[in-house]
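The values are calculated or read from the model by the stated rules, or taken from the named source; none is laboratory data. What you are looking at is a predicted structure, and each value in this text was computed from that prediction instead of being measured. In this analysis, Cβ positions are derived from the backbone assuming ideal geometry, glycine residues included, and neighbour counts consider all displayed protein chains.
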C-alpha cells in the first residue's frame, strides 16, 4: 500500500460525507411535504426549495476562489457548517413565505460553500489514488439512506414539523465532523497550469459543464416533487422513504464497484450510459407512478443517473482543473450543475406541476437528460477523459 494511503484520514473524511448527505436525505424528501402542510402552493414550494440551487450559482465560486487564494479550505468548511446550523435554526421561528425565503437563502449561501471544498480536500489526500474516492463518498450515500429511512418511519408517527429537529441534529453532526476535518497539501500537477477561463473555453470542458447543467435540471422535479408525486398516488411516508433509500442503495453499489467500472470503461462511456438511463428513468416516473414495479426499477437507475454520473464527472473535472485551480473547478461544476441546472429544473417544475401536470413535468426532465446525452456524445471524446488516474482495486479501503 502506498505511503500516502497510510496517512489517508479515511474515517474523518467519510464521517463528513455521512452527515452532509444525511442532511440531504432528511431535507430533500420531507421538507417539501412540511411546506405543503403549511398550505404553500407548488410554485411557492418550488421557489423556496430552489434557494438551495440559487445560492449554488455563485456561492461555491466565491468560497472556492477565496480558498484557492488563501490555500486554506478547512476554516471555510468549518465556518460554513456553523453558519448553516444557525441559518437553519431560523426555520423554528419563521412560518410566512418571506421569512422562510430569507432563512432558506441565508442557510443555502453558507451550505453551498462546503462540499466543493471538501471534494478538493479529499482528492488532495488521495493524490494519485483517485479511484478510492468512491469508497469514501459511499458513506455519504449510507448517511442519506439512514436519514431518509429513519425520518420517513418517524414522520408516520409524529407531526411533519419534527423534520426541523431531525435536520438540526444532523447539521450539528456536520459541524462536529468539520471540526475534525484535516487540511491537505494542495496537489499541484507538473507543468504550467492554464488560467481557469482558458480551461473553461475548451470545447470538451464547456460541453461537459453544459451536460452537467442539463442533468441537474433533469433532476429538479425529482428532488422537489418526487415525495409529493408519490404521496398523491397513495404511497405512505415509510414507502416513500424506502423508495428514496432504494435509489441510494443502488448508488452505493455503483460507488463500491466504480473502480472496476473505470478499469473497463472510459469516463465518456460511463457518462453516456448515465444520461441514457436518466432519459428512461424520468419517463418511467412520469407515466408509470401507479405501478410499484416500474417505480422500483426507476429508482434502481439512480445508481447510474447520480452515482456513476457524479463519480465520472467529478473525476474529469478534477483532471482538467489541476493544482490551484481545483477548488474553482469543483466550484464551477457545483455552481453550473447543482446551482444553475438545479435552479432551472426546480423553477420549471414549480410552474409546470400545476400548469401542465406531473407526467409532462417528468417528460421535460427526460428531455433535459437527452440534451445532456447529445452534448457528451458530440464534444467529449474518449481521449479527452480516458480513465480516472489510479483506476485499480489494489489497496482500496
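Miscellaneous remarks
- Residue in the range 343-355 that is surrounded by fewer than 21 Cβ atoms within 10 Å (Cβ to Cβ) and under 18 Å from residue 58 (Cβ atoms) present: yes
- Neighbours by Cβ (under 9 Å, 6+ apart or cross-chain): first from the range 333-345, free of Cβ contacts under 8 Å to residues at least 40 places away in the same chain; second outside any helix (DSSP H, G or I): none
- Scoring residue 269 on the criteria (1) assigned to a helix (DSSP H, G or I); (2) farther than 18 Å from residue 376 by Cα leaves a single failure, condition (2).
- Those helices (runs of 4 or more DSSP H) of the range 313-397 in which at least 3 residues are modelled with pLDDT under 90, considering only elements entirely within it, cover 326-333, 342-355, 382-385.
Residue-wise test of (1) more than 18 Å from residue 220 (Cβ to Cβ); (2) surrounded by 18 or more Cβ atoms within 10 Å (Cβ to Cβ); (3) modelled with pLDDT of 90 or more; (4) touching a helix residue (DSSP H, G or I) at 6+ places or on another chain (Cβ under 7 Å).
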| residue | (1), (2), (3), (4) |
| --- | --- |
| 42 | no, yes, no, yes |
| 48 | no, yes, yes, yes |
| 63 | yes, yes, no, yes |
| 81 | yes, yes, yes, yes |
| 116 | yes, yes, no, yes |
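- Counted residues, the range 153-177 - those being in contact with a helix residue (DSSP H, G or I) (Cβ under 7 Å, 6 or more places away or on another chain) and under 27 Å from residue 110 (Cβ atoms): 17
- Hits in the range 80-106 - residues which are in contact (Cβ under 8 Å) with a residue 40 or more places away in the chain and more than 16 Å from residue 179 (Cα to Cα): 88, 89, 91, 92, 95, 97, 100, 101, 104, 105
- Of all residues in the range 9-23, none satisfies being within 25 Å of residue 243 (Cα to Cα), in a helix (DSSP H, G or I) and more than 17 Å from the chain's Cα centre (by Cα).
- Residue in the range 70-79 that is in contact (Cβ under 8 Å) with a residue 12 or more places away in the chain, more than 25 Å from residue 333 (Cα to Cα) and surrounded by fewer than 23 Cβ atoms within 10 Å (Cβ to Cβ) present: no
- Screening residue 54 on (1) under 20 Å from residue 196 (Cα atoms); (2) in contact (Cβ under 8 Å) with a residue 40 or more places away in the chain shows it passes everything except condition (1).
- Qualifying position, being within 23 Å of residue 226 (Cα to Cα) and part of a helix (DSSP H, G or I), among 63, 43: 43
- Inside the range 286-309, residues that are part of a helix (DSSP H, G or I) and more than 27 Å from residue 18 (Cβ to Cβ) make up a count of 6.
Matching residues to (1) more than 18 Å from the chain's Cα centre (by Cα); (2) within 26 Å of residue 336 (Cα to Cα):
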position: 220; (1), (2): no, yes
position: 223; (1), (2): no, yes
position: 230; (1), (2): yes, no
position: 235; (1), (2): yes, no
position: 244; (1), (2): no, yes
position: 260; (1), (2): yes, no
position: 272; (1), (2): yes, yes
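- Within the range 259-294, being within 22 Å of residue 220 (Cβ to Cβ) and crowded, with 23+ Cβ neighbours inside 10 Å holds for 271, 274, 275, 278, 281, 282, 285.
- Among residues that are surrounded by fewer than 21 Cβ atoms within 10 Å (Cβ to Cβ) and part of a helix (DSSP H, G or I), residue 244 is not included.
- Scanning the range 243-262 for residues that are under 16 Å from residue 302 (Cβ atoms) and out of contact with any helix residue (DSSP H, G or I) (no Cβ under 7 Å at 6 or more places or on another chain) returns a single hit, 257.
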